[in-house]
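Q: Okay, here's the structure, questions in a sec.
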């Protein structure tokens with residue numbers, strides 16, 4: 001790398017984590033993700049996907065190794081960086097359970113993406129400016145749920161709630177999005193819409209996306225690159241299209257069945273049709 005080259009979005013070096021002595025959940029993980037990549041993190045249940053994503057976000061300290069996000073150390077040698085809150089502003093985290101406050105409006109939930117950027121007293125009192133509200137409404141329009149902005153989050157469908165969670169990361173101005181099984185609890189059509197939204201965010205805004213998935217169908221259609229974990233180790237890192245049935249069975253054996261479950265949705269395209277996400281003009 002030259003002195004003026006931009007650092008990768010993510011660099012993981014020799015990362016190891018054990019919750020019980022002698023039983024590593026993550027075992028000498030080494031990964032580099034370039035800025036603007038969309039990467040699938042695949043593996044059967046218990047392979048270490050969620051644990052790895054939580055380490056990248058700085059929620060858990062590893063036993064050994066280091067993680068850098070855009071060249072800044074989020075953790076090293078068993079310690080999370082002291083300025084992790086500042087660093088986490090650039091890391092959007094989306095989970096299967098949506099992490100929305102069901103009794104609050106969709107708009108208010110999306111505005112919580114600004115908590116890294118506004119004073120604590122303003123966030124606690126819900127004092128968001130007109131400009132901030134318009135920005136949140138624009139992002140709700142971008143993910144297709146502007147009309148639901150005043151509804152309680154708990155009244156939305158699962159797919160709509162996940163879109164709200166994505167809008168929150170856009171308001172947050174995250175540069176890398178870690179999506180931990182974001183479609184696991186959704187029906188096939190909603191799952192397709194959410195994956196399409198992630199692909200658009202990657203394509204149109206240049207966001208780096210690392211998304212953990214169970215089903216290889218989605219990885220192949222939406223993510224050019226796949227990283228496969230098995231028993232806490234990286235066992236494959238390369239083009240998603242190369243992960244055919246034979247390759248998966250060679251890596252996972254009988255556990256490959258979990259990844260090969262087909263997505264029963266005839267409307268899913270062979271390749272994503274990426275319509276640009278544009279910030280709509282919305283009144284506060």
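Q: Just to be sure before I move on: is residue 143 under 19 Å from the mean Cα position of the chain (by Cα) and under 24 Å from residue 29 (Cα atoms) in the structure I sent?
A: When the stated conditions are applied, residue 143 does not pass them.
Q: Pull up the range 225-256, narrow it to residues that are buried (at least 20 other Cβ atoms within 10 Å of the Cβ) and assigned to a loop (DSSP other than H, G, I, E, B), then point me to the one that is farthest from the chain's Cα centre (by Cα).
A: Going through the qualifying residues, I end up with 243.
Q: Same structure, new question: State the number of residues belonging to the range 194-214 that are crowded, with 19+ Cβ neighbours inside 10 Å, farther than 24 Å from residue 30 by Cβ and touching a residue at least 40 places away in the same chain (Cβ under 8 Å).
A: 6
Q: Would you please list the contacts, defined by Cβ atoms under 7 Å and residues six or more apart or on different chains, that run from a residue in the range 108-121 that is farther than 15 Å from residue 92 by Cβ to a residue that is modelled with pLDDT under 80?
A: Short answer, once both residue conditions are applied: 108/126.
Q: Quick test of your reading of the structure: residue 44 fulfils all but one of (1) at pLDDT 95 or above; (2) outside any strand (DSSP E or B). Name the failing condition by number.
A: (1)
Q: Still on this structure: Can you pull out every residue in the range 126-167 that is touching a residue at least 60 places away in the same chain (Cβ under 8 Å) and closer than 16 Å to residue 95 by Cβ?
A: 158, 161, 162, 164, 165, 166
Q: For the subset of the range 61-77 comprising residues that are at pLDDT 95 or above and not in a strand (DSSP E or B), which member is surrounded by the most Cβ atoms within 10 Å (Cβ to Cβ)?
A: So the residue we want is 62.
Q: Does residue 147 count as surrounded by fewer than 22 Cβ atoms within 10 Å (Cβ to Cβ) and part of a helix (DSSP H, G or I)?
A: yes
The values are calculated or read from the model by the stated rules, or taken from the named source; none is laboratory data. Computed from a predicted model, the values in this text were never measured in an experiment. All Cβ positions, even for glycine, are placed from backbone atoms using ideal geometry, and neighbour counts span all protein chains on display.
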